[in-house]
Amino acid sequence: MDTLKIFCPATIANVSCGFDVLGVALDAVGDEMVVHKRTKKGISITKLEGQELPTETHLNVAGVAGLALLEQSDYQGGFDIEIYKKIKAGSGIGSSAASSAGAVWTMNELLGRPFSMAKLVEFAMEGERLASGVAHADNVAPALFGGFTLVRSYNPLDIIEIPFPSQLFATVIHPQIEVKTADSRKILKTSISLQDGIKQWGNVGGLIAGLFLEDYALIGRSLQDHIIEPIRSILIPGFDNLKSESLKAGALGCGISGSGPSIFAFSKGLETAQNVGEAMKKIYQNIGVDYDVHVSKINSQGIKILD
Ligand code: HSE
């Protein structure tokens, strides 16, 4: 086997209370990639469709993540990578993570799985370092593992997979503006008050417990972010209104997806998630902002082989 075509899921990082540590994979939106094993050393991005992004290996997140894997591999050859972007860059649903995670996962498959999933997270994080200046794992880990993941520790890297209830659905709206993760990180404060910390780690614990216990109400009341959301929401048109209308439409909770500008809500059941999507659309129709909406079940598998 020398070629694989894959689907690599979009992801919601942070999940409100878990800045840089929590993430979840989506089923309804993701990129496609085709990776070919070759004898010539190195990585080439041979095709990139759907977005205007660099194709030079050192400037492309898939290229950089792939090189990180090759550096630690015995394989003397290389890979050609075709990327078909369905996730918009700067949308806040893990566009760069999908490319990085997709590249290293597929290369590992084509090499006969020499690396563990934890190692793949480390390689994919190099793509995130290129994209945002910080090698965070809260998008690449759920893209690789599927479901919800918790980065318990970065040093050493310790990724925990979190189970979730089957009727949990996500609604994501992407207002058609681009917010670069690097920029939306620059505006954050570098220290927090003890009071805010207490609220935030209470919610992280509550969310994890709610997911384990399949307690939708607990999941909902834990989807609060007292630290990042008040700062970043200023960059997102209609954020407060959209959040309150989503909750009125039945969402369990609502917050910024990753570094924004996408906004996500969780609901119990597909029908409620669709109603939330309709409520979200109305807000942007009223204020004249273009948008994409995705209603998705949680992706439990991560990257999938296509064809
Ligand atoms: N945790 C990262 C951030 C995710 O919020 O900056 C970026 O998608």
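The values are calculated or read from the model by the stated rules, or taken from the named source; none is laboratory data. Given the structure is predicted, the values throughout are model-derived calculations rather than measurements. FYI the Cβ positions are ideal-geometry reconstructions off the backbone, even for glycines, and counts take in every protein chain you see. In case anyone asks, the SASA skips ligands and DNA or RNA and just uses the protein heavy atoms, side chains included. Shrake-Rupley method; radii C 1.70, N 1.55, O 1.52, S 1.80 Å.
Does Thr171 meet the test of being over 12 Å from Leu22 (Cα atoms), of a type in the set (Val, Ile, Thr), open to solvent by less than 10 Å² (accessible area, probe 1.4 Å) and outside any helix (DSSP H, G or I)? Working first, answer last.
Working: over 12 Å from Leu22 (Cα atoms): yes; of a type in the set (Val, Ile, Thr): yes; open to solvent by less than 10 Å² (accessible area, probe 1.4 Å): yes; outside any helix (DSSP H, G or I): yes.
Criteria met by Thr171.
Name, by its number, the condition in (1) within 16 Å of the ligand (Cβ to nearest atom); (2) surrounded by 20 or more Cβ atoms within 10 Å (Cβ to Cβ) that does not hold for Ala89.
(2) is the only condition that Ala89 fails.
Return yes when Val64 is under 18 Å from Gly94 (Cβ atoms), crowded, with 21+ Cβ neighbours inside 10 Å and at pLDDT 95 or above and no when it is not.
Answer is yes for this residue.
Taking only segment 244-260 into account, find how many residues are within 17 Å of Ile12 (Cα to Cα) and open to solvent by 40 Å² or more (accessible area, probe 1.4 Å).
Residues flagged as within 17 Å of Ile12 (Cα to Cα) and open to solvent by 40 Å² or more (accessible area, probe 1.4 Å) within segment 244-260 amount to 1.
Checking the conditions here, which among Met117, Met107 is open to solvent by 30 Å² or more (accessible area, probe 1.4 Å) and among the aliphatic types (A, V, I, L, M)?
Among Met117, Met107, only Met117 is open to solvent by 30 Å² or more (accessible area, probe 1.4 Å) and among the aliphatic types (A, V, I, L, M).
Is it the case, given these coordinates, that Pro237 is at pLDDT below 95 and either more than 16 Å from the ligand (Cβ to nearest atom) or out of contact with any Pro (no Cβ under 6 Å at 6 or more places or on another chain) (or both)?
yes
Let me spell it out: the conditions are (1) within 19 Å of Thr11 (Cβ to Cβ); (2) open to solvent by 20 Å² or more (accessible area, probe 1.4 Å); (3) out of contact with any Leu (no Cβ under 8 Å at 6 or more places or on another chain), and Ile160 meets all of them except one. Which number is the exception?
Going through (1) within 19 Å of Thr11 (Cβ to Cβ); (2) open to solvent by 20 Å² or more (accessible area, probe 1.4 Å); (3) out of contact with any Leu (no Cβ under 8 Å at 6 or more places or on another chain) one by one, Ile160 breaks only (3).
State which residue pairs qualify: first residue free of Cβ contacts under 8 Å to residues at least 12 places away in the same chain and inside segment 124-147, second residue near the ligand (Cβ under 9 Å from one of its atoms) and in a helix (DSSP H, G or I) in any location, beta carbons under 7 Å apart, and separation of 6 or more residues or different chains.
Note: pairs meeting the criteria are Ala135/Glu128.
Within the group Asp138, Asp74, which residue is over 13 Å from the mean Cα position of the chain (by Cα) and modelled with pLDDT of 95 or more?
After ruling out the rest, the residue left standing is Asp74.
Restricting to segment 274-290, count the residues that are open to solvent by less than 80 Å² (accessible area, probe 1.4 Å) and under 18 Å from Phe264 (Cβ atoms).
9
Among the candidates Lys186, Lys180, which residue alone is touching a residue at least 24 places away in the same chain (Cβ under 8 Å) and open to solvent by 60 Å² or more (accessible area, probe 1.4 Å)?
So the residue among Lys186, Lys180 that is touching a residue at least 24 places away in the same chain (Cβ under 8 Å) and open to solvent by 60 Å² or more (accessible area, probe 1.4 Å) is Lys180.
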